[in-house]
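In what follows, a single structure is set out as structure tokens and then discussed.
Derivation of every value follows stated rules applied to the coordinates shown; laboratory data play no part. Please read these numbers as outputs of a predicted model, since none were measured by experiment. As a convention, Cβ positions derive from the backbone with ideal geometry for all residues, glycine included, and neighbour counts pool all protein chains shown.
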Amino acid sequence: MQPHTLSIREAHELLTTKQISSVELTTAVLDHIHKTDPLINAFVTIADELALEQARLADQRLRQSEDITPLTGIPFAVKDCISTRGLRTTCSSKILENYIPPYNATVIDRLSTAGAVLIGKQNMDEFGMGSSCENSAFFDTHNPWDLERVPGGSSGGSAAAVAANMGLFALGEDTGGSIRMPAGFCNVTGLKTTYGRVSRYGLIALVSSFDSIGPMARSAYDCAAVLQSIAGQDLKDATSLPDPIPDYLKMLDKPVKGLRLGIPKEYFQAGMEAGVESSIREAIQKFEELGMEIREVSLPHTTYGLPVYYLVLFAEASANLARFDGTRFGLSVAEGAENVIDQYLQTRREGFGPEVKRRIMLGAYVLSAGYYDAYYLKAQKVRTLLRQDFEAAFEQCDALVAPTCPTTAFKLGEKTDDPLTMYLSDIYVVATNPAGVPSLCVPCGFSNNMPVGMQLIGKHLSEDVLLQIGHAYQSATDWHLKRPAVSK
């Protein structure tokens, strides 16, 4: 087996038995990136020197058998909205094209403590605004399964990289499906964590009340290994939760027999691609064979999930992006400006892409006098109803199962001229973010030769249960083991 194709679990075994070194593993991954990424455009920055330096430090730990974790010596990359000290962090935007943070995000520090090896930063929709990775200011990312199709968004670079074996795992960020949608489109496993389970300190915020950092990897096992290192309270993030962290890896092999799996009837409506629905139905049958109890449930306010999500997103994003004004950090366009307001306007005009501008304007509108109550305040009230729907459903079951997206990956350029159609791609994934609950996307089949993703949705802080169910499914199937030709 070639080193760059290893899972975290496989690589850890080889590293701890001295059959391979972290330098050898990291070099193999970097070589594969330089060969493969020109086809895919998953990386904004590749950090060869930093990666090899960290790999040498990891090898020293491995030789001394000190402080070894499941991630020691494991190469990974990060969505480019997560701050990395000394390594540029762009959010795939011109306004931050040359920004180099003076500090690490908490998740980066925790992975460094675990001994993981950072190999680079991955492309995304600008500031997380998009579902296809076509809104990057730099380039489009291509789906490794079909280079004419999108990888999903906004963590499209992260999903494409993991699918193409350009890193053993990645950190993504999910505001409204941004981990799960690309995971489904690219045939990788991705976990949207409970809001507050993982620190957001150092994440360049899109929607502060929705954003969640989580792992994207080969399997539920690998996601559990990453979550073990990054979960937990952080005093730098007032929204992080103080709840104890379970031993996620130890709980993976608990039997799923007797667990109750709910099927939300509102998620199985007309408009779903036939191959997607058949793949999900076959997965549900597999869960039944594993001894799980299947029952139908209702999430009656599902149809309001998309408008609630976008109204709150527009409002919070417009407020969060006000900090990019050309006076403190990032791009500054001062030439010809008569005053600071002119400089502010010129910087934002040239620094932001069209989708970001669209959402800022919509956010300013829904927060404006006369419209705040009608839009933003009402959306927050309906958000409470969405959360109550999930709470009621989890009184009847331990987890929910649903499609990640109604279709497989669409073609590049297919939806860029119609933003509303693009927004509708998120229909199955957005409701969990206003509710703050976790969701795990696992590969479950193919339709028209493209991957199909299934999401498992859990109650507050039930990542252990979702990973347990996902691991049981992946132990009984091999969809997650399939890789595109470019990954070899």
19 Å Cα-Cα reach of Lys94 towards lysines, excluding residues that sit fewer than 8 places from it in its own chain: Lys79, Lys121, Lys357
Cα-based shape type of the stretch 199-350, given that a ≥ b ≥ c are square roots of the gyration tensor eigenvalues and the cut on a/c is 1.5: prolate
For the stretch 170-187, Karplus couplings with θ = phi - 60° (6.51, -1.76, 1.60), whole Hz, Gly/Pro x: 9, 9, x, 9, 10, 9, x, x, 5, 8, 6, 4, x, 4, x, 5, 10, 6
Candidate aspartates and glutamates - alpha carbon under 14 Å from Lys35, same-chain residues fewer than 8 apart omitted: Asp48
Coordinate range along principal axes, alpha carbons of the stretch 12-115, Å, largest first: 45, 31, 18
When the stretch 402-488 is reduced to its Cα atoms, the Kirkwood hydrodynamic radius in Å: 14.7
Charge dipole (the chain, unit charges on Cβ, about Cα centre) - positive-most of Ser487, Ala58, Gln233: Gln233
Cβ-based charge dipole, the stretch 178-309, positive-most Cα from Ala274, Ser298, Leu249: Leu249
Three-way shape label, the stretch 79-174, alpha-carbon gyration tensor, a/c 1.5: oblate
Student exercise, the stretch 179-293 dipole from Lys, Arg, Asp, Glu Cβ charges, in Debye to nearest 20: 140
Exposure proxy ranking, count of Cβ atoms within 10 Å, fewest first, for Val29, Val297, Val356, Val340: Val340, Val297, Val356, Val29
Spatial separation of Cα centroids for the stretch 71-147 and the stretch 267-321, in angstrom: 27
Antiparallel DSSP beta bridges within the chain, percent to nearest 5: 70
Order of Ile280, Ile179, Ile457 under a 10 Å beta carbon neighbour criterion, fewest first: Ile280, Ile457, Ile179
Whole-Hz ³J(HN,Hα) from phi, Karplus 6.51 cos²θ - 1.76 cosθ + 1.60, for the stretch 247-255, glycine and proline x: 7, 4, 5, 5, 8, 4, 8, 4, x
Simple Cβ-charge dipole of the chain, Lys/Arg +1 and Asp/Glu -1, about Cα centre, in debye nearest 20: 340
Zero-based 10 Å bins, Cα pair distances in the chain, whole percents: 4, 21, 33, 27, 12, 3, 0, 0
The stretch 223-271: chymotrypsin sites (Phe, Trp or Tyr not before Pro) in DSSP coil with no more than 16 other Cβ atoms inside 10 Å: Phe268
Potential lengthening between Glu288 and Ile20 on full extension [0.36 nm per residue; Cα-Cα distance subtracted]: 92.5 nm
HN-Hα J in Hz across the stretch 269-276 - Karplus 6.51, -1.76, 1.60, θ = phi - 60°, x for Gly and Pro: 10, 4, x, 7, 4, 4, x, 5
Rounded, prolate or oblate (a/c below 1.5 giving rounded, otherwise prolate when a/b exceeds b/c) for the stretch 350-444 by Cα gyration tensor: oblate
Too-long pairs where the Cα-Cα distance tops 32 Å, listed order kept, from Lys236/Lys257; Lys236/Lys488; Lys250/Lys286; Lys18/Lys488; Lys254/Lys415: Lys236/Lys257; Lys236/Lys488; Lys254/Lys415
Taking Glu350, Glu414 and counting other C-beta atoms within 10 Å, the order from fewest to most: Glu350, Glu414
Size of charge dipole - the stretch 340-455 - debye, nearest 20, with Cβ of Lys, Arg +1 and Asp, Glu -1, no other charges: 300
